[in-house]
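Trainee: Structure incoming, see below.
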Amino acid sequence: MFDHLKTLPSDPILGIIAAHAADPNPKKIDLGIGVYRDESGNTPILECVVAAEKILIATQTTKTYLGPPGVARFNRAMTGLLFGEGSDTISRGRVCTVQTPGGTGALRVAADLIKVSKPEAELWAPDPTWANHEALFPGAGMVMHSYPYFDATHSNLRFDAMMDALQQRGPGDVVLFHACCHNPCGVSPDPEQWQVIADVASKRGFTPLVDIAYMGFERGVEEDCLAVRLFAEQCPELIVASSCSKNFAMYRERVGAISVVTQNTDRAVAVESVIHNITRKNYSMPPAHGPAVIDIILHDDELRARWRTELENMRSRIKGLRDTLSEMIAASDIQRDFSFLSRQSGMFSFLGLTAGQVQRLRDEFSIYTVNSSRVNVAAFNQHNMEYFINGLARVLKNQG
Ligand SMILES: Cc1ncc(COP(=O)(O)O)c(C=O)c1O
């Protein structure tokens, strides 16, 4: 059966991790993998998570099956975070939320749900988008297209071109949006632009699919849910794939959720039953530990406040790194404008380097980025910024 299979190349980011790990240069920097890092280069467990895990260990009484919806209280808490406690969407019973293994699990369940419900529906995603979107949706049998999004020359949003493309979409189309901290380009619509996008979605009748993997990393928890809430208010239907990997730093626990907004409670109940049917045939039910921990945090006033503070600290550290990096580059002998770094948000930005320059950063300075020159800004710190800027200056000066 397996004789004809060829070994596939590993994910480029995993290749970077391995190459960086094997590099003996003490000054090496890994700007590839998308995890938050603190000033010491670590990805620590949040204090609120450590405290909640202690409570969980002390109080849990069973490891029996959870059932397809997962941790029900986690699902309700995520619904509240996304749509706003007491929002019309929730009080009218229009939304169902089902816990999934990470945001990736939520995206895959979303694709399967679309295939079951409207097999001919096609997906439109921003250009560029997260590399795994490009694998995941076609992998689930969906035809995928792109719409204009990032202007690489000016490091801005191509808002007019994007709106022209969205005006062409209609019922039967699913349009993917990154709610905040776009991966890989770090550029998001502003609140007024989100309003225009939601107006077009409701007028044209396409179904928005919002991927929210960095809630709290751009402007704040409430603010980063703006797109979700506008679409929920203005469109009859909406799919949201959320992840707790980054904002609770629970990457390996695989915590996420799919939320589907429908026209009424009847539809929400039906959709939830279809989601259960989809997951039962796939992984049966989601894992318990991560959502049980988050359930404890979100239902305890003190832990919830601590989480908000820790999340705010991560957000402001990244913002500070962006500002410092852009100021230090401006003060260096680099002629090119990198001020976009401080205008963009979240962990990622494109440096706008050629493949040759990326390779030189790696070969000559042990600075590792993905080939597109996307960097994880959170991987910078006081000790490595100057070294990075020197390397960047050398690579930009001497194109050889
Ligand atoms: C845009 C985007 N969506 C979804 C995810 C999924 O996150 P996870 O499956 O780790 O929760 C990521 C993770 O990097 C992401 O960048």
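The values are calculated or read from the model by the stated rules, or taken from the named source; none is laboratory data. Just so we're clear, the structure is a prediction, and the values are computed from it rather than from any experiment. FYI the Cβ positions are ideal-geometry reconstructions off the backbone, even for glycines, and counts take in every protein chain you see. Only protein heavy atoms, including side chains, enter the accessible area calculation; ligands, DNA and RNA are left aside. Shrake-Rupley method; radii C 1.70, N 1.55, O 1.52, S 1.80 Å.
Trainee: Suppose only helical runs count, i.e. DSSP H with n ≥ 4. What mean residue ellipticity at 222 nm does that imply for the chain under -39500 (n - 2.57) per run, divided by all residues and rounded to the nearest 500 deg cm²/dmol? Kindly include the intermediate steps, with their values, before the conclusion.
Mentor: On the way: 16 runs with 186 residues, N = 400.
Rounded to the nearest 500, the figure is -14500 deg cm²/dmol.
Trainee: How large, in percent, is the carbon and sulfur part of the accessible surface of the range 237-342 at a probe radius of 1.4 Å?
Mentor: Values: 2210 of 4640 Å².
Ligands and nucleic acids excluded, carbon and sulfur reach 48 percent.
Trainee: In the range 1-89, what trypsin sites (Lys or Arg not before Pro) fall in a loop by DSSP, with at most 14 other Cβ atoms inside 10 Å?
Mentor: Values: sites: 6, 27, 28, 37, 54, 63, 73, 76; in loops: 6, 27, 28, 37, 63.
Sites meeting the loop and neighbour criteria: 6, 27, 63.
Trainee: Lys/Arg Cβ at +1, Asp/Glu Cβ at -1, dipole of the range 219-272 taken about the Cα centre: which of 243, 225, 270 is farthest positive-ward?
Mentor: The residue sitting most towards the positive pole is 243.
Trainee: Could you compute how much accessible surface residue 369 exposes when probed at 1.4 Å, giving the result in Å² to the nearest 10?
Mentor: 10
Trainee: Multiply the residue gap between residue 394 and residue 10 by 0.36 nm, knock off their C-alpha separation, and tell me the result in nm, one decimal place. Walk me through the intermediate numbers first.
Mentor: Numbers: separation 384, 0.36 × 384 = 138.24 nm, distance 3.01 nm.
Here the segment from residue 394 to residue 10 would lengthen by 135.2 nm.
Trainee: Viscosity 0.692 mPa s, temperature 37 °C: Stokes-Einstein D of the range 321-400 from its Kirkwood Cα radius, in µm² per second?
Mentor: Rounded, D is 261 µm²/s.
Trainee: Okay, moving on. How compact is the chain by the rule of thumb for globular proteins, expressed as Cα Rg over 2.2 N^0.38 Å? Before the final figure, lay out each step's value.
Mentor: Numbers: Rg = 21.5 Å, N = 400, 2.2 N^0.38 = 21.4 Å.
Ratio of Cα Rg to 2.2 N^0.38 Å: 1.00.
Trainee: Continuing with this model, one more query. Would you kindly state how much longer the chain becomes between residue 337 and residue 223 on full extension, computed as 0.36 nm times their sequence separation minus their alpha carbon distance, in nm to one decimal?
Mentor: Numbers: separation 114, 0.36 × 114 = 41.04 nm, distance 2.87 nm.
Result for the pair: 38.2 nm of gain on full extension.
Trainee: Over the chain, what relative contact order in percent results from Cα pairs under 8 Å that are six or more residues apart? Intermediate values should be presented prior to the final figure.
Mentor: Working: 709 pairs, mean separation 101.1, N = 400.
25 percent.
Trainee: Placing unit charges on C-beta atoms (Lys and Arg positive, Asp and Glu negative, everything else neutral), compute the dipole magnitude of the range 167-270 about its Cα centre in debye, rounded to 20.
Mentor: On the way: 9 positive and 13 negative charges, 61 e Å.
In total the dipole reaches around 300 debye.
Trainee: Okay, next question. Residues with amide H under 5 Å of residue 146's amide H, sequence separation 5 or more or different chain, H placed in the peptide plane at 1.01 Å from N; which?
Mentor: 125
Trainee: Test of understanding: what is the full-extension gain from residue 58 to residue 289, defined as 0.36 nm times their sequence separation minus their Cα-Cα distance? Let's see the in-between values first.
Mentor: Details: separation 231, 0.36 × 231 = 83.16 nm, distance 1.33 nm.
This chain segment gains 81.8 nm when fully extended.
Trainee: Grab the chain and count how many Lys pairs have their alpha-carbon atoms under 30 Å apart, sequence gap of 8 or more, or different chains.
Mentor: Lysine pairs meeting the criterion: 20.
Trainee: Averaged per residue, what accessible surface does the chain expose to a 1.4 Å probe, in Å²? Let's see the in-between values first.
Mentor: Values: 17970 Å² over 400 residues.
Result: 45 Å² of accessible area for each residue.
Trainee: Same structure, new question: Restrict the search to the range 231-286; then list the trypsin sites (Lys or Arg not before Pro) that DSSP places in a loop and that have at most 12 other Cβ atoms within 10 Å of their Cβ.
Mentor: Passing sites in the range 231-286 are 281.
Trainee: How high is the FRET efficiency between residue 151 and residue 3 when r is their beta carbon distance and R₀ equals 51 Å, given to the nearest 0.05? Please report the intermediate quantities before stating the final value.
Mentor: Values: r = 48 Å, r/R0 = 0.93.
Plugging the Cβ-Cβ distance into 1/(1 + (r/R0)^6) gives 0.60.
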